[in-house]
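Working notes, structure below.
The values are calculated or read from the model by the stated rules, or taken from the named source; none is laboratory data. A quick note: this is a predicted structure, and the numbers were derived from the prediction, not measured. All Cβ positions, even for glycine, are placed from backbone atoms using ideal geometry, and neighbour counts span all protein chains on display.
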Amino acid sequence: MITRGSFSSAVTRQLKALKKNASQNLKEVFGSVFPKCKGAFTQPRTWKRAFVLAEGLLGCVGRSTVTGMIAATGQQFKDWSAAYRLFHGERMNTDALFSVVRKNLADAISADEREIYAHMMIRF
């Protein structure tokens, strides 16, 4: 199972694989990969909400929580219920979402690299 930590690690890994283009940063890589994930969401507004929250995850300071993602995107004074509903029910297909990430990662690495390392954050 892929979690937020491993997702960000996969994007970070892709960034390192794309070091040929030094002007690309993590946000640019994320901005190029996440739009390809639209098919994983039930509605366009759900995708947009997930995109904003995922950007918040990149800029989140401290614990990586939904509240932290909301605050990192400057939405702490808005209604949070829609953000929390995103993670309840079947509003997104995580298998489809992460298959796009895995495909982009596999496409970004060179043929001579045989191993892919990812980091998963586990907090107790």
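Identify, please: which residue in the range 103-123 is surrounded by 14 or more Cβ atoms within 10 Å (Cβ to Cβ) and closer than 17 Å to P35 by Cβ and is, among those, modelled with the lowest pLDDT?
A108
Taking only pairs six or more apart or across chains, which ones have beta-carbon atoms under 7 Å, a first residue in the range 63-88 that is within 15 Å of A50 (Cβ to Cβ), and a second residue that is of a type in the set (D, E)?
Cβ pairs passing all conditions: T73/E55.
Could you check the range 38-51 and list, in sequence order, the residues that are surrounded by 19 or more Cβ atoms within 10 Å (Cβ to Cβ) and either outside any helix (DSSP H, G or I) or modelled with pLDDT under 90 (or both)?
Answer for the range 38-51, where residues must be surrounded by 19 or more Cβ atoms within 10 Å (Cβ to Cβ) and either outside any helix (DSSP H, G or I) or modelled with pLDDT under 90 (or both): just F41.
Here is a yes/no grid of residues against (1) in a helix (DSSP H, G or I); (2) surrounded by fewer than 18 Cβ atoms within 10 Å (Cβ to Cβ):
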residue: A54; (1), (2): yes, no
residue: L57; (1), (2): yes, no
residue: G62; (1), (2): no, yes
residue: I70; (1), (2): yes, no
residue: Q75; (1), (2): no, yes
residue: Y84; (1), (2): yes, yes
residue: F87; (1), (2): no, yes
